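In what follows, a structure is listed as structure tokens, so that the remarks can point back to it.
The values are calculated or read from the model by the stated rules, or taken from the named source; none is laboratory data. The structure presented is a predicted model; accordingly, all values stated were derived computationally and were not measured. Using ideal geometry, Cβ is built from the backbone for each residue, glycine included, and neighbour counts are taken over all protein chains shown.
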Amino acid sequence: MPDQLSGKSIIDDLGVTSLINAGGPNTKHSGSRPRTEVIEAMEAMSEVFVDIEELLIAAGKRVAELTGNEAATITSGASGGLVLQAAAAMAKDDPEKISQLPISDGMPNELIIQRGHRFVYDHLYLGPGSRFVEVGRPTDCTVDELAEAIGPNTAGFIHLESPFKSELGVPLTDLADLAHNHGLPVLTDGASMLPPRENLTKYTGQGADLVSFSGGKAVRGPQSTGFLVGKSEWIEYARLNNAPNPGVTRAQKVSKEEIAGLLAALEVFTSIDEEAETRRYREKMNFLVDQIAEIPGIQTEVLHNYDHYIPHAVIRFNRDWNGPSYGEIVNEMKRSAPRIYMQVDYRPEPDRMWVDPLNLQDGELEIVTEKLRNILIESVNSK
Ligand SMILES: *Cc1c(COP(=O)(O)O)cnc(C)c1O
């Protein structure tokens, strides 16, 4: 180890290359940068010992206050929250059932999911032993179809809020009415839907019983953390199914330092002036868009909407574009020195790529802009 410890010295020692993260808080590219307050809280928390269960209960109350919800509990990422949602729906607070999972014989274990809400992370729901009952088509579904799928083995409904999913299927309020008429919970994944901060209470307000959010994305807590918000009864079921208790969720424990770090992150996150924050991101993205707007064959604009949680510089090819694909351009950015990660549309038929300003550090916007501009110009010239 070198005399002076730094992030660079640690990765140099391992032979790992750093990257500029212009693609947003994606786990493969290190999530987001934990706030200074988070690192300070984690270090301070390392000085004390506590009963983790007492800490989790108290911290959950604090998360509920900070987010404006009835109840909350801390999880290992939003993914850990999805596992707990399924476990809670099946085993509730029955100690025998909790310890029986992931063998779910003898208890309702079916989760009804609309085909349009299937997504890369949904297997987490299967982790504690549930099964999916799929309903509808990839682009739509009706309340009647959902109602017909209910049977004696139904444990709950899954609902996804995620970019490019808003128009697909039955609205959350309608789903919640149906579910509650049958005494069933609505389990919602809203992992990446922060900001806007209003989403902290939006889905619970629309009737979701449990909503899972990431602590390691734009909240900028420890990468490994997340939190569930929702109704007291369901939060308690989730907590009883969670580590530190032995059982299937033991593999997703959260340390006291991570708990303190997430609380510090949420305290800052919920007190920030979102309008001012958005303005800063927009200015950065306007700068980038201005530098590439004239390149022939592309359309570029700053988008901030349901699909783009903060202002993004979105680049789309015109119909007459015959240069490299979105994927090829993004790969070329990642091969360049310094390596730059930017986001390519992850739907089956991509129609865009974008730069996300969340993780850009001082001086990096200029580097990303110049590299992207050069690669796009070369792509046009090589046609
Ligand atoms: C990011 C994400 C997850 C996983 O969240 P982690 O906090 O990384 O575990 C789950 N579901 C959706 C929709 C996501 O976007």
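For the stretch 14-66, give me each residue that is without any contact (Cβ under 8 Å) to a residue 40 or more places away in the chain and either within 16 Å of the ligand (Cβ to nearest atom) or under 30 Å from Lys334 (Cβ atoms) (or both). Once the filter is applied, which keeps residues that are without any contact (Cβ under 8 Å) to a residue 40 or more places away in the chain and either within 16 Å of the ligand (Cβ to nearest atom) or under 30 Å from Lys334 (Cβ atoms) (or both), the stretch 14-66 yields Leu14, Gly15, Val16, Lys28, Thr36.
Flag: Gly215 matches the condition of being surrounded by 24 or more Cβ atoms within 10 Å (Cβ to Cβ) and under 15 Å from Gly81 (Cα atoms). On inspection, Glu301 does not qualify as more than 19 Å from the chain's Cα centre (by Cα) and either without any contact (Cβ under 8 Å) to a residue 12 or more places away in the chain or farther than 23 Å from Glu364 by Cβ (or both).
Within the stretch 231-250, at least one residue is of a type in the set (Lys, Arg), in contact with an Asp or Glu (Cβ under 6 Å, 6 or more places away or on another chain) and either part of a helix (DSSP H, G or I) or farther than 20 Å from Ser46 by Cβ (or both). Can you find, within the stretch 219-244, the residue that is surrounded by the fewest Cβ atoms within 10 Å (Cβ to Cβ) among those that are in contact with a strand residue (DSSP E or B) (Cβ under 7 Å, 6 or more places away or on another chain) and of a type in the set (A, V, I, L, M)? Ranking the candidates gives Ile235 first. When restricted to residues that are within 21 Å of the chain's Cα centre (by Cα) and either within 23 Å of Pro102 (Cα to Cα) or more than 15 Å from the ligand (Cβ to nearest atom) (or both), the stretch 220-241 contains 11. In the stretch 243-253, is there at least one residue being assigned by TED's automatic domain parsing to the domain that holds Glu53, farther than 30 Å from Glu96 by Cα and among the aliphatic types (A, V, I, L, M)? Among the residues of the stretch 243-253, not one is assigned by TED's automatic domain parsing to the domain that holds Glu53, farther than 30 Å from Glu96 by Cα and among the aliphatic types (A, V, I, L, M), which makes the answer no.
Counting the residues of the stretch 179-219 that are more than 16 Å from the ligand (Cβ to nearest atom) and among the acidic types (Asp, Glu) gives 2. At least 2 residues being assigned by TED's automatic domain parsing to the domain that holds Pro246 and surrounded by 20 or more Cβ atoms within 10 Å (Cβ to Cβ) is the threshold, and among the strands (runs of 3 or more DSSP E) wholly inside the stretch 30-135 those reaching it are 71-75, 110-114.
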